[in-house]
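Comments concern the structure below.
The values are calculated or read from the model by the stated rules, or taken from the named source; none is laboratory data. Note that the structure is predicted; figures quoted are calculated from it, not measured. In this analysis, Cβ positions are derived from the backbone assuming ideal geometry, glycine residues included, and neighbour counts consider all displayed protein chains.
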Amino acid sequence: MRVLVVDDNETWRRFFSTALQKRPELQVIGEVSDGLEAVQQAQQLQPDLILLDIGLPTLNGIEAARRIREVSPASKILFVSENRSFDILEKALSTGADGYVVKSDTGSELLPGVNAALESKRFVSASLASHGLAEPDDQSGNPQPEKVVAPFPAQKKARHEVEFYADDPRFVDGFARFIEAALKAGNTVIVIATDSHHASLRQRLAADGLNVAAEIEQGRYIPLNVTDTLARFIVDDSPDPVLFRKLAADLITEAPRAAKGEHPRVAVCGEGVHTLLAAGNVEATIKLERMWHEVASCYELDILCGYFQSAFSREESISTLERVCAEHSAVHGLGY
């Protein structure tokens, strides 16, 4: 089966191509970064399947899909986008596309989505399936292909997101937005970062009019040094589940007492996972991500994990990127 990959972000194109090429029956015949070019390549190559992003330059993915239908009607189209809007989902599927996979779910859902599309079955990510889209009959009166949904429920209570940053200023901007939103909602926020990043965050938050010292004194802003925090539960270069759960429980049960919201939550943002990955400890990184997700689900937390894009710049890092993205409910900062 010949596949054309369309995404304006090189990291995602490499990720998709690498994942697909693990299947001997799938052949990636091209990678395209532009919507108009996607139409031209579809017409020229007549691929069996097209993985299509929505946020593309020159021509967005939905309009590109409509034109591809005219020039390569036999091609299956599987949208792969982080956009979770119900309206966008409807518009995408109205083009006759065979499915819609949320990017942050591709670690688990990409290949099932591809399989379903190639079998003429409709696939919608589990995190969007609750919309219950009906499958309209076609003009001949025949029912459309059966809808297929990935076999696991979407996480509804825990918000465990990841953002990738190109440099320090973007890191500070991203964490500052998260912190400000949490405090504005009346929540308590725990920030796990290096001392230099803490200093930059305080400057940025103060410039935005936030009295950081007062928030810290009141217990609504809890800054923790990332090295010291990791040392409290890392044993033999790996996170110890018992020590981690105790630390998390102590922090999370104490933190809401300073919250002001009607239904206060605890928000956590940190670079502990990136610190482990930067040290070359991939397995410890994934293990810690899973521990945070477990805690997030138990306590209904809002979590933002921060990574620098440089940690995934090498070709062999694509599989690690796939594993990291698969552990989160949403992914930001990879050029969707």
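Can you tell me which residues in region 311-330 are free of Cβ contacts under 8 Å to residues at least 24 places away in the same chain and small (Gly, Ala, Ser)?
Residues satisfying the conditions are 313, 317.
Within region 181-194, which residues are outside any strand (DSSP E or B) and either within 17 Å of residue 308 (Cβ to Cβ) or not assigned by TED's automatic domain parsing to the domain that holds residue 222 (or both)?
Of the residues in region 181-194, the ones outside any strand (DSSP E or B) are 181-187, 194.
If the condition is that a residue be outside any strand (DSSP E or B) and either within 17 Å of residue 308 (Cβ to Cβ) or not assigned by TED's automatic domain parsing to the domain that holds residue 222 (or both), then 194 is the only one that fits.
So for region 238-252 (the condition being touching a His at 6+ places or on another chain (Cβ under 9 Å), at pLDDT 85 or above and surrounded by 14 or more Cβ atoms within 10 Å (Cβ to Cβ)), does at least one residue qualify? Explain how you work it out, then say what you get.
Within region 238-252, the first condition is being touching a His at 6+ places or on another chain (Cβ under 9 Å), and the residues that meet it are none.
No.
Restricting attention to region 313-327, report how many residues are in a loop (DSSP other than H, G, I, E, B) and β-branched (Val, Ile, Thr).
Our first condition is that a residue be in a loop (DSSP other than H, G, I, E, B); within region 313-327, this holds for 313-314, 327.
Narrowing the set further to residues that are β-branched (Val, Ile, Thr) leaves none.
Looking only at that region, the number is 0.
Tell me which residues, restricted to region 319-329, are at pLDDT below 85 and crowded, with 19+ Cβ neighbours inside 10 Å.
329
Spot the failing condition for residue 74; the list is (1) aliphatic (A, V, I, L, M); (2) within 12 Å of residue 52 (Cα to Cα); (3) out of contact with any Gly (no Cβ under 6 Å at 6 or more places or on another chain), and only one is missed.
(2)
What is the one condition in (1) charged (D, E, K, R); (2) in contact with an Asp or Glu (Cβ under 9 Å, 6 or more places away or on another chain); (3) free of Cβ contacts under 8 Å to residues at least 12 places away in the same chain that residue 289 does not satisfy?
(3)
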